[in-house]
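Below is one structure; the comments refer to it alone.
Please treat every number below as a calculation from the coordinates, not as lab data. This structure is a prediction, so every number in the text was calculated from the model and none was measured. With ideal geometry, Cβ positions are generated from the backbone for all residues, glycine too; neighbour counts draw on all protein chains shown.
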Protein chains: 2
Amino acid sequence: MESTNLIPEECGRTLRPVRDALDVLNGKWKLPIIVALTFGEKRFGEIAKEVHGITDRMLSKELRDLELNGLVKRNLYDTYPAKVTYTLTAHSQTLYEVIESLRKWGELHRKKMVSDDK
Amino acid sequence: MESTNLIPEECGRTLRPVRDALDVLNGKWKLPIIVALTFGEKRFGEIAKEVHGITDRMLSKELRDLELNGLVKRNLYDTYPAKVTYTLTAHSQTLYEVIESLRKWGELHRKKMVSDDK
DNA sequence: CAGGATCCCATAGGATACTG
DNA sequence: CAGTATCCTATGGGATCCTG
């Protein structure tokens, strides 16, 4: 929590990369989709089942977006019937820390909200 | 990066807190505002200057939102002219890890994008 | 200076239906 | 099963102007 030892000029140097990251990760679904894929190769319908509430349209759109950003790989198996899966790329696996810190904070925040409501 | 040792049932247990966190932090401006306040108590105009591109309306709106969520404290100094500052709360200081991981990933991602474009 | 009020637009996101 | 197409609404976010 030692944030006060940072000099003011550093503010911009922190803000820029944070905003870079948010530009790519922002939205309701991108990180949840990546989380789901963290647990292994998955098909369209499997992701949809894990990420509760997402519609086909959004999943399709976000997967395409993530693929364009090099965060997700689409794998087409030439079998019959054709099979499609999605996996993380090496690059999106570097998101591990981001997801872990969000998970931890989300748990903390929920606890706080519950105790505040009392 | 040892994500593969996680069992499938854990997927939901990771997804829920991540989505809880995103519900509160989502949007273009909330985290950048918090980052700016990480560097100390700041007035409205000072935040606006640090967080490039934000409009008064959005800053006002987001500060209110963050205050409601217990992430930012509004301090009214009873001087003349009246002075208002914003500071982080103890709770938002627990976001330090989230911000740090986003900062690191943002830097990594930018490097990757640059080298990909070549 | 700190923001609220208003107006407007673009995009995120949802519902439903449909196809290879 | 794995999406696409359409249509719709809600919200995020910008521009501008106004006030204590």
(message) Using only the alpha-carbon atoms, how far is helix A:10-25 inclined from the longest principal axis of chain A? Give it as 0 to 90 degrees, nearest 10.
(response) 20 degrees
(request) Return a whole-number percent for the relative contact order of chain B, with Cα pairs under 8 Å and 6 or more residues apart as the contact set. (result) 21 percent
(request) Rounded to whole Å, how close does chain B get to the rotation axis onto A by Cβ? Give me the residue too, please? (result) B:Ser101, 2
(request) Can you find, among A:Gln93, B:Thr87, A:Phe44, the residue farthest towards the positive end of the dipole of the protein assembly as shown? Put +1 on the C-beta of Lys and Arg, -1 on that of Asp and Glu. (result) A:Phe44
(request) Tell me which residues come under 5 Å, amide H to amide H, from A:Arg43 once H is placed; ignore anything under 5 positions away on its chain. (result) A:Tyr86
(message) If I build a Gaussian network model for chain B, linking alpha-carbon pairs within less than 10 angstrom, which residue out of B:Glu67, B:Glu100, B:Glu50 has the largest mean-square fluctuation?
(response) B:Glu100
(message) Suppose each label sits 7 Å from its Cα in the direction of the beta carbon; what would the B:Val114-A:Ser115 distance come out to in nanometres?
(response) 4.3 nm
(request) For a footprinting-style exposure proxy, rank A:Asp78, B:Asp20 by other Cβ within 10 Å, fewest first. (result) A:Asp78, B:Asp20
(message) Net charge within 12 Å of B:Val51 by Cβ-Cβ distance, Lys/Arg positive one each and Asp/Glu negative one each, not counting B:Val51 itself?
(response) +2
(request) Using R₀ = 35 Å, calculate the FRET efficiency as 1/(1 + (r/R₀)^6) where r is the Cβ-Cβ separation of B:Asp23 and A:Ala82; round to 0.05. (result) 0.45
(request) Please give the helix A:56-68 orientation as an angle from the longest Cα principal axis of chain A, in degrees from 0 to 90, rounded to the nearest 10. (result) 70 degrees
(request) List the equivalent ellipsoid semi-axes of the stretch B:1-114 in whole Å, largest first, each obtained as the square root of 5λ for an eigenvalue λ of the Cα gyration tensor. (result) 32, 17, 12
(message) Tell me the mean residue ellipticity at 222 nm calculated for chain B from its helices only (DSSP H runs of n ≥ 4, each -39500 (n - 2.57), averaged over every residue, nearest 500).
(response) -18500 deg cm²/dmol
(request) Give the nm distances, rounded to one decimal, from A:Pro81 to the matching residue in every other copy, measuring between label points 7 Å along Cα toward the beta carbon; shortest first. (result) 6.8
(request) Fewest Cβ neighbours within 10 Å first, please rank A:Leu108, A:Leu102 accordingly. (result) A:Leu108, A:Leu102
(request) Enter the mean projected area of the convex hull around the alpha-carbon atoms of the protein assembly as shown, in nm², rounded to one decimal. (result) 16.0 nm²
